[in-house]
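The values are calculated or read from the model by the stated rules, or taken from the named source; none is laboratory data. Everything quoted here is computed from the prediction, not taken from an experiment. Here the Cβ positions follow ideal geometry from the backbone for every residue, glycine too, while neighbour counts run over all protein chains shown. Accessible surface is based on the protein model in full, side chains and every heavy atom, while ligands, DNA and RNA are left aside. Shrake-Rupley method; radii C 1.70, N 1.55, O 1.52, S 1.80 Å.
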Amino acid sequence: LGVRTYAVLPLNEESGILEWVENLSPLRSVVSDLYNKRGMTTSTADIKRAHDARVMPPYQFYTEWLLPRFPPVLHHFFASSFTDPAEWIRARTLFTRTVAVWSMVGYIVGLGDRHAENVNIETTSGACVHVD
């Protein structure tokens, strides 16, 4: 197990330059593309409007309104990107393990601001790579 490393040149306390890492796709774009291919589009503005206008408890809103609009789709990325069964299981296992390692590293060093733009998938291996 391990994490993908890359060079960082800090410019000040708030910004810097990161080394370019080949074959990465942000999790948000991977998942958004999968939803769009299935004709499932809901904007964050739609979600906010529905949440603000909701008449049901938060848990019910989550399970009855939000979850049906965002079913699991990431498995489709792995199925289409890794068509050989051995490659597929290798990529899924690597993804799962690298997510776990990055989660532990992030917790230990106090990484915040984790969102779907700085969590990436390496498209050639399936590995999870955090960038930010």
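Name the shape class, rounded, prolate or oblate, that the alpha-carbon gyration tensor gives for region 45-122, where a ≥ b ≥ c are the square roots of its eigenvalues, rounded holds for a/c under 1.5, and otherwise prolate holds if a/b is larger than b/c and oblate otherwise.
Details: a/c = 2.90, a/b = 1.53, b/c = 1.90.
It comes out oblate by the Cα gyration axes.
Which trypsin sites (Lys or Arg not before Pro) in region 69-132 sit in a loop by DSSP (not H, G, I, E or B) and have at most 13 other Cβ atoms within 10 Å of their own Cβ? Don't skip to the answer; put the middle values down first.
Values: sites: R69, R90, R92, R97, R114; in loops: R114.
Sites meeting the loop and neighbour criteria: R114.
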Helix-only mean residue ellipticity at 222 nm, the chain, DSSP H runs n ≥ 4 weighted -39,500 (n - 2.57), per residue, nearest 500. What is it? -13000 deg cm²/dmol
Charges at C-beta only: +1 for Lys and Arg, -1 for Asp and Glu. How large is the resulting dipole of region 39-98 about its Cα centre, in Debye rounded to 20? 140 debye
Simple Cβ-charge dipole of the chain, Lys/Arg +1 and Asp/Glu -1, about Cα centre, in debye nearest 20: 540 debye
Can you work out D for region 6-73 in µm² s⁻¹ from Stokes-Einstein, where Rh is the Kirkwood radius over C-alpha pairs, the temperature is 4 °C and the viscosity is 1.567 mPa s? 85 µm²/s
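How many Å² of accessible area per residue for region 61-104, probe 1.4 Å?
With the other protein chains kept in place, region 61-104 gives 63 Å² per residue.
For region 28-132, run through the GluC sites (Glu not before Pro) and keep only the ones in DSSP coil with at most 16 other Cβ atoms within 10 Å of their Cβ. Don't skip to the end; give the middle numbers.
Values: sites: E64, E87, E117, E122; in loops: E117.
Passing both the DSSP loop test and the Cβ count: E117.
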Could you check how much of the accessible area of the chain is carbon and sulfur, as a whole percent, using a 1.4 Å probe? 59 percent
